[in-house]
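*Asks:* Below is a structure I'd like to ask you about.
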Amino acid sequence: MKKVVLMLAAFGFCVLHAETHLSGEIQATSLDASGNPYLVEKDITVPAAKNVTIKEGCVFLFSGFSGLNVSGNLTVEGSVEKPVIFTCVNDNDFNQKSQQLPNPFDWNGIIITKESGSIHFQNFQLRYSVYGIKSQNTAMTIQNGIFRQNGQFHFTLNDKIQYVQDNISYSFNAATEPDKKTDVTQGAPGGQKSGTSHTRTILRYVSLGVGVAGIIGGTIFAMKALNTSKDLDNFDLDKYATNQAEGDRVWKDLDNTLKSQNTWTGVFFGLGGLGLLGFTATFIF
């Protein structure tokens with residue numbers, strides 16, 4: 001029920017307030033919900049030495065290939081009742097105008113550079129990005145962050161993937177618990193993440209491979225079955241008038257071949273369908 005109230009509140013913000021378009025350097029020192037929704041058309045930046053505060057209830061809708069880059073100081077001051085939302089423009093929980101469903105990889109995510117200063121996130125949601133929060137600032141803090149369906153990972157610190165569960169409150173304070181939530185596997189190319197998100201990623205691409213292979217295999221056998229069926233339709237018994245037994249044998253061989261090809265067509269298309277169904281399910285659950 002609480003989630004429903006939050007969603008309705010977000011819809012109310014989007015309807016009652018004029019949208020604000022953002023790109024490039026953030027000029028204001030403070031952003032509040034009166035500008036909702038904030039439509040991010042291209043990368044937005046908190047430049048070095050600048051202080052930016054994002055107030056409770058702010059909703060940021062990111063277009064494809066856009067993100068937030070932080071080289072200065074950033075404070076996200078969401079509340080339990082009115083969290084700050086970072087999500088894609090397709091997220092129809094917060095954008096009634098969206099004509100398509102949101103998916104992981106819909107926008108880039110938040111990059112925090114090594115040169116950044118004070119970074120604090122409190123009571124926020126980050127959804128449907130590529131890499132969630134990618135930080136080189138080990139002194140940053142997170143309090144009650146909700147990460148949901150981000151494509152590669154939810155949160156990395158110095159290229160180390162942190163263990164963050166999907167849609168479950170997460171907090172991080174480097175000063176008091178630097179190692180508690182750290183998965184020591186590197187997030188650089190070739191590295192892998194353990195836990196639920198890593199398992200889901202493996203399942204996703206295995207399912208996709210099975211689905212594609214199944215569709216291709218089914219198509220190949222379907223084409224062979226079509227050709228065999230034509231051979232049966234055009235089979236001329238008169239050619240075997242002097243040797244009817246040989247004619248019957250050839251016809252039965254063709255008929256058995258067609259049955260086998262139809263069977264394999266069904267098997268491969270069935271596997272393809274299951275694979276694609278599994279691939280789709282990894283984005284939902």
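The values are calculated or read from the model by the stated rules, or taken from the named source; none is laboratory data. Values in this document were obtained by computation on a predicted structure and should not be read as measured data. Positions of Cβ are backbone-derived with ideal geometry, glycine not excepted, and every protein chain shown enters the neighbour counts.
*Asks:* Check Asn227, Asn167 and return the single one that is in a loop (DSSP other than H, G, I, E, B) and modelled with pLDDT of 85 or more.
*Replies:* Numbers: Asn227 fails: in a loop (DSSP other than H, G, I, E, B).
Just a single option satisfies the conditions, and that option is Asn167.
*Asks:* Sticking with this structure for a sec: Note down all Cβ pairs under 6 Å where the first residue falls in region 64-86 and is farther than 19 Å from Ala33 by Cα and in a loop (DSSP other than H, G, I, E, B), the second is of a type in the set (Ser, Thr, Tyr) and modelled with pLDDT of 95 or more, and they're at least six residues apart or on different chains.
*Replies:* Between residues of region 64-86 that are farther than 19 Å from Ala33 by Cα and in a loop (DSSP other than H, G, I, E, B) and residues that are of a type in the set (Ser, Thr, Tyr) and modelled with pLDDT of 95 or more, the close pairs are Ser71/Thr113; Ser71/Ser116.
*Asks:* Residues in region 216-252 that are closer than 30 Å to Leu276 by Cα and of a type in the set (Val, Ile, Thr): how many? Working first, answer last.
*Replies:* From region 216-252, those closer than 30 Å to Leu276 by Cα are 216-229; that's our starting set.
Within this subset, residues satisfying the condition of being of a type in the set (Val, Ile, Thr) are 216, 219-220, 228.
Qualifying residue count for the region: 4.
*Asks:* For Thr53, indicate whether it is at pLDDT 95 or above, surrounded by fewer than 21 Cβ atoms within 10 Å (Cβ to Cβ), over 30 Å from Ala281 (Cα atoms) and touching a Phe, Trp or Tyr at 6+ places or on another chain (Cβ under 9 Å). Working first, answer last.
*Replies:* Numbers: at pLDDT 95 or above: yes; surrounded by fewer than 21 Cβ atoms within 10 Å (Cβ to Cβ): yes; over 30 Å from Ala281 (Cα atoms): yes; touching a Phe, Trp or Tyr at 6+ places or on another chain (Cβ under 9 Å): no.
It is false that Thr53 is at pLDDT 95 or above, surrounded by fewer than 21 Cβ atoms within 10 Å (Cβ to Cβ), over 30 Å from Ala281 (Cα atoms) and touching a Phe, Trp or Tyr at 6+ places or on another chain (Cβ under 9 Å).
*Asks:* Specify the residue that is surrounded by the fewest Cβ atoms within 10 Å (Cβ to Cβ); the eligible residues are those in region 17-50 that are assigned to a loop (DSSP other than H, G, I, E, B) and small (Gly, Ala, Ser). Don't jump to the end; show me each part of the working.
*Replies:* Restricting attention to region 17-50, the residues satisfying the condition of being assigned to a loop (DSSP other than H, G, I, E, B) are 17-19, 26-29, 32, 36-37, 47-50.
Filter again for small (Gly, Ala, Ser), leaving 18, 28, 48-49.
Details: Ala18: 8, Ala28: 12, Ala48: 13, Ala49: 10.
So, considering only residues that are assigned to a loop (DSSP other than H, G, I, E, B) and small (Gly, Ala, Ser), the one surrounded by the fewest Cβ atoms within 10 Å (Cβ to Cβ) is Ala18.
*Asks:* So which of Leu258, Leu237, Leu277 is among the aliphatic types (A, V, I, L, M) and under 30 Å from Ile202 (Cα atoms)? Break it down stepwise before answering.
*Replies:* Working: Leu258 fails: under 30 Å from Ile202 (Cα atoms); Leu237 fails: under 30 Å from Ile202 (Cα atoms).
Selected residue: Leu277, the only one of Leu258, Leu237, Leu277 that is among the aliphatic types (A, V, I, L, M) and under 30 Å from Ile202 (Cα atoms).
*Asks:* Report yes if Lys224 is loosely packed, with under 14 Cβ neighbours inside 10 Å and out of contact with any Pro (no Cβ under 8 Å at 6 or more places or on another chain), otherwise no.
*Replies:* No; evaluated as a whole, the condition is false for this residue.
*Asks:* Follow-up question, since we're still on this one. Could you go through region 100-108 and let me know if any residue there is modelled with pLDDT of 95 or more and closer than 26 Å to Lys50 by Cα.
*Replies:* yes
*Asks:* Which residue pairs have Cβ atoms under 6 Å apart, sit 6 or more places apart or on different chains, and have a first residue in region 228-257 that is among the charged types (D, E, K, R) and a second that is surrounded by 12 or more Cβ atoms within 10 Å (Cβ to Cβ)?
*Replies:* Asp231/Leu254; Glu246/Tyr240
*Asks:* Since Glu115 meets every condition but one in (1) more than 21 Å from Gln27 (Cα to Cα); (2) touching a residue at least 12 places away in the same chain (Cβ under 8 Å); (3) in a loop (DSSP other than H, G, I, E, B); (4) not β-branched (Val, Ile, Thr), which condition does it not meet?
*Replies:* (1)
*Asks:* Would you pick out the residues in region 95-125 that are among the aromatic types (Phe, Trp, Tyr) and buried (at least 21 other Cβ atoms within 10 Å of the Cβ)? Walk me through it before giving the result.
*Replies:* Kept after step one, since they are among the aromatic types (Phe, Trp, Tyr), are these residues of region 95-125: 105, 107, 121, 124.
Correct list: Trp107, Phe121, Phe124.
*Asks:* Here's something else I'd like to know. Looking only at region 230-241, count how many residues are over 17 Å from Asp253 (Cβ atoms) and either modelled with pLDDT of 90 or more or assigned to a loop (DSSP other than H, G, I, E, B) (or both). Give the steps one after another, and end with the answer.
*Replies:* Of region 230-241, the ones over 17 Å from Asp253 (Cβ atoms) are 238, 241.
Next cut, either modelled with pLDDT of 90 or more or assigned to a loop (DSSP other than H, G, I, E, B) (or both) only: 241.
Residues that pass the stated criteria total 1.
*Asks:* Check region 126-133 and report whether any residue there is assigned by TED's automatic domain parsing to the domain that holds Ser63, surrounded by fewer than 24 Cβ atoms within 10 Å (Cβ to Cβ) and polar (S, T, N, Q).
*Replies:* The answer is no; no qualifying residue exists.
*Asks:* Being surrounded by 15 or more Cβ atoms within 10 Å (Cβ to Cβ), closer than 30 Å to Asp91 by Cα and out of contact with any helix residue (DSSP H, G or I) (no Cβ under 7 Å at 6 or more places or on another chain) is the requirement here; does Phe279 meet it?
*Replies:* The answer is no for Phe279.
*Asks:* Would you pick out the residues in region 14-40 that are of a type in the set (Asp, Glu) and modelled with pLDDT under 95?
*Replies:* Across region 14-40, the qualifying residue is only Glu19.
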